[in-house]
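For reference, the structure discussed in these notes is given below.
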Amino acid sequence: MTHSPDQPLDDTHQGLPWRVKLAVGLLILLAVGVVLTTNRWLSDRFTDTTRNRAEVRLALYTGNLVSELQRTSVVPLLLARDPDLLSALKDGQYSRTSAKLIALQSEIAVASIQLLDGDGRVVGATNRNLLGTSHRNDAAFVDAQRAKDTIFTASRREAGGYDFSYSRALRADGKVLGVIVVSVDLMKYERAWAGLQDAVLVTDSEGTVILATEPVWRGQPMAQALEARDPPSAIQRALSATTDWAQSPPDAYVHGEAVMRTEARVPFRGWRIFTFTAYDSVREKVNGILALEIMGFAILMAITFYVLSRRAWSRSVGFQRESAELRMLNARLQREIAEREKVQKDLEVAEQTLAQSSKLAALGEMSAAVSHELNQPLAAMKTYLAGARLLLQRRRPEEALSSFQRIDDLIERMGAITRQLKSYARKGGEAFEPVDLRACISSALAMMEPQLKARVVKISRALPRQPVMVMADRIRLEQVIINLLRNALDATKDTPSPQIDLLLAAGETATLSVRDNGHGINDLGNIFEPFYTTKKPGEGVGLGLAISSGIVADLGGRLTARNVEEGGAVFEMQLPILGREQEAAE
């Protein structure tokens, strides 16, 4: 519709401009209100998500620290009973001591090992450059001589940082011959944390920083350490937080930057661990969604102009220009969305890396369980040595030789158990072979013979006459059966007439049931969780059933537990049975 310049506008044309202005004004107010509300809601939501992920990472860091400390704490106890080290200290012959310690270091993966004589002089070490140095006044040497147990020491270095070690005195006939010192490498976690986005620090029971991603923090109280400035620093790289008007109130300020603080208790000597996370990832996610909202309101505004303004047809060129700008904005937003998707993929890769770190943490837990698994062979060796000594005294060397042969077999078994740690880092299955479950049960009972003789326990077995073949690693399968037998023995410790029943059935699957008449299981939901145990401190670390469940899962089966109404508990291990065709193919 057109009119001449001299033609007056009607009421509709006169009212059109203020209507358009009113509609645009209302639309702008609506857009501002929606953006503000969305920004606040998404900021709170993504902040909670970021905090939850920070807590998950904090739990992982804590598990790694505790696992490393527990794994290393058992090493001095084992070395303090080593006959070669005791003999070297008695005779003063240390020519082979360092080589033995170096070999042990490679097997148990500790930072370093030192053997000190009674005067505090290093007579054996994994670092031969330390031989001959004196540690007479070191706290690790002095405290170990005064105590009968393993001593943990955290000593500050002159160049900064801390050295963490476990030490224990080597005694013979009530006399201290020397001290074994095993260092704990906690600095590797500092190096790992420094490569992450979070800033991390660990304090002792007095609040002093002993581990931190920022070197200048070590040795200071946490409040004082956070005030220290040393640019460019890790905290400045990790805590470049936004301070714009839309940010939620922060938990803390570090170097003047707003951060999200997460803390947790480390179950070791009153330690605590803290992480400080920046708000950058929250703002990136919120801004991406707000950009989409703004784009939507921009399109809605364009549609409003098109519907309300009949003059838009005469200004099509202007709208084409605006449409081109909108296309450019859309392309820019698409680039931002593509970048956000890339960030999301990077986050998925980081989560996969976190899963691998959890697996490696489980490997550390299994390393700590080596001493737990070696108790049975050590007890059996002690029994066979006593029997051999008695046979030699009675001039029966032929029978004594059989005892020595059994000891040699047990040593081979101990070596095989330690070598199994290498298989925990992979999915497994490379060393599987056809195994008869009946032979594994007999071998496990032979391993448990010293414990079974020490108590009056009725053992009943119901095994098929035909072989029950499964595809498995024999050593790990025997380890599972030994763990189940040991748990049954522990459960019947206070039972007047203890009894353990072993039932092996071969159907669609091979099922081994181990039943006891003990007190039963109070918490079936957590029975297979690592470090869950109902035993008193010092009697177990709660790794046996967790390791057994993982082994059975690797073999393609499952391990379950339940209580029985008559009293006691039943553990059932189900494994895929090896058919004749599969056995022939193997």
Legend entry - helices (runs of 4 or more DSSP H) completely within segment 31-147 that count 1 or more residues being touching a strand residue (DSSP E or B) at 6+ places or on another chain (Cβ under 6 Å), in contact (Cβ under 8 Å) with a residue 40 or more places away in the chain and of a type in the set (Phe, Trp, Tyr): 139-146
Inset, instruction - Quick one: which residue in Arg45, Arg40 is closer than 30 Å to Gly296 by Cα, surrounded by fewer than 16 Cβ atoms within 10 Å (Cβ to Cβ) and more than 33 Å from the chain's Cα centre (by Cα)? - result: Arg40
Legend entry - Single condition Val123 does not satisfy, out of (1) at pLDDT 85 or above; (2) surrounded by fewer than 14 Cβ atoms within 10 Å (Cβ to Cβ): (2)
Legend entry - Matching residues in segment 164-184 - criterion: being on the phi < 0 side of the Ramachandran plot, out of contact with any Phe, Trp or Tyr (no Cβ under 8 Å at 6 or more places or on another chain) and surrounded by fewer than 23 Cβ atoms within 10 Å (Cβ to Cβ): Arg171, Ala172, Lys175, Val176, Leu177
Inset, instruction - Please enumerate the residues belonging to segment 126-146 that are out of contact with any helix residue (DSSP H, G or I) (no Cβ under 6 Å at 6 or more places or on another chain) and open to solvent by less than 40 Å² (accessible area, probe 1.4 Å). - result: Ala140, Phe141, Val142, Ala144
Legend entry - Among (1) touching a Leu at 6+ places or on another chain (Cβ under 7 Å); (2) open to solvent by less than 20 Å² (accessible area, probe 1.4 Å); (3) within 22 Å of Asn375 (Cα to Cα), the one test that Leu115 misses: (3)
Legend entry - Selected residue [modelled with pLDDT under 85 and open to solvent by 30 Å² or more (accessible area, probe 1.4 Å)] from Leu410, Leu374, Leu360: Leu360
Inset, instruction - Considering every residue within segment 380-390, establish whether at least one is under 30 Å from Leu300 (Cα atoms), among the aliphatic types (A, V, I, L, M) and modelled with pLDDT of 85 or more. - result: no
Inset, instruction - Filter segment 148-158 down to the residues that are free of Cβ contacts under 8 Å to residues at least 60 places away in the same chain and outside any loop (DSSP other than H, G, I, E, B), then identify the one that is least open to solvent (accessible area, probe 1.4 Å). - result: Thr153
Inset, instruction - Please work out which residue is surrounded by the most Cβ atoms within 10 Å (Cβ to Cβ), limiting yourself to segment 493-520 and to residues that are among the polar types (S, T, N, Q) and under 32 Å from the mean Cα position of the chain (by Cα). - result: Thr511
Legend entry - Of all residues in segment 190-218 being closer than 18 Å to Thr153 by Cα and open to solvent by 20 Å² or more (accessible area, probe 1.4 Å), the one that is nearest to the chain's Cα centre (by Cα): Asp204
Inset, instruction - Would you please list the contacts, defined by Cβ atoms under 9 Å and residues six or more apart or on different chains, that run from a residue in segment 266-278 that is at positive phi to a residue that is surrounded by fewer than 20 Cβ atoms within 10 Å (Cβ to Cβ)? - result: Arg269/Phe152; Arg269/Ala154; Arg269/Asp204; Arg269/Ser205; Gly270/Asp204; Gly270/Ser205; Gly270/Glu206
Inset, instruction - May I ask you to verify whether Ala103 is under 30 Å from Arg272 (Cβ atoms), of a type outside the set (Asp, Glu) and surrounded by fewer than 18 Cβ atoms within 10 Å (Cβ to Cβ)? - result: no
Inset, instruction - Would you mention how many residues in segment 458-476 are out of contact with any strand residue (DSSP E or B) (no Cβ under 6 Å at 6 or more places or on another chain) and either assigned to a loop (DSSP other than H, G, I, E, B) or crowded, with 20+ Cβ neighbours inside 10 Å (or both)? - result: 4
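The values are calculated or read from the model by the stated rules, or taken from the named source; none is laboratory data. This one's a predicted model, so the numbers in the text were calculated from it and none came from an experiment. FYI the Cβ positions are ideal-geometry reconstructions off the backbone, even for glycines, and counts take in every protein chain you see. These accessible areas exclude ligands, DNA and RNA; they are computed on the full protein's heavy atoms, side chains included. Shrake-Rupley method; radii C 1.70, N 1.55, O 1.52, S 1.80 Å.
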